[in-house]
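Okay, so here's the structure we're looking at.
The values are calculated or read from the model by the stated rules, or taken from the named source; none is laboratory data. Just so it is clear, the structure is predicted and the values come from calculations on it, not from any experiment. Glycine also receives a Cβ, built like all others from the backbone with ideal geometry; neighbour counts cover every protein chain displayed. Protein only, heavy atoms only, side chains kept; ligands, DNA and RNA dropped before computing areas. Shrake-Rupley method; radii C 1.70, N 1.55, O 1.52, S 1.80 Å.
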Amino acid sequence: MSVSTRLGQLGIQLPEVAKPLASYVPAVRTGNLVYTSGQLPMQAGKLAAIGKVGAEVSAEEAAALARVCALNALAAVDSLVGIDAVTRVVKVVGFVASAAGFNGQPGVINGASDLLSEVFGDRGAHARSAVGVSELPLNAPVEVELVVEVGC
């Protein structure tokens, strides 16, 4: 089954590609890999939430935002090579703007990982890093980047 068919079955529509905030592109391809730039939880051109996870944003809210970030990353992949070209998800890197004492970064980034598993099944199993940071661009609570393998 194609990825676009699976997205339709799940009732998921990829968003418009988020416009870069600085001097970079949303995604690049080298060989059979596509790397996305870090994607924020942008919806309709603005952040879905702001603040630190464990203070202004709950871990559960942040996990939902990580899912939005992953959708934005998939949109960047789609705009470059087409979503059906993806043969597997290789790596997810998630950054969580964390309040002092918050150490639930893996659970937050599960929001992105779980979405990728839903969409890609076994091909969505990936290596991952979940990193707590003090600040993210625009006071975003979470940022996610992907590396995916694509067919020729």
Could you work out how far the C-alpha centroid of region 97-133 sits from that of region 8-61, in angstrom?
13
Filter the DSSP H helices in the chain by two things, a Kyte-Doolittle mean of at least -0.5 and an axial alpha-carbon span of 24 angstrom or more, and list the hits by number.
59-81
About the Cα centre of region 1-108, how large is the charge dipole given +1 on each Lys and Arg Cβ and -1 on each Asp and Glu Cβ? Please answer in debye to the nearest 20.
220
For a quick check of your reading of the filter: which GluC sites (Glu not before Pro) in region 1-85 sit in a DSSP loop and have no more than 15 other Cβ atoms within 10 Å?
Glu16, Glu56
With a 1.4 Å probe and every protein chain kept in, tell me what percent of the accessible surface of the chain is carbon plus sulfur.
52
Å² per residue, accessible surface of the chain at 1.4 Å
48
Cα to Cα, under 19 Å, and not fewer than 8 places away if on the same chain: which aspartates and glutamates meet these conditions relative to Lys19?
Asp78, Glu143, Glu145
Tell me what the chain gives for mean residue ellipticity at 222 nm when only DSSP H runs of n ≥ 4 count, each as -39,500 (n - 2.57), the sum divided by the residue total, rounded to 500 deg cm²/dmol.
-10000 deg cm²/dmol
Antiparallel DSSP beta bridges within the chain, as percent of all bridges there, nearest 5
70
Using only alpha-carbon positions, what ratio does the radius of gyration of region 66-133 give when scaled by 2.2 N^0.38 Å?
1.16
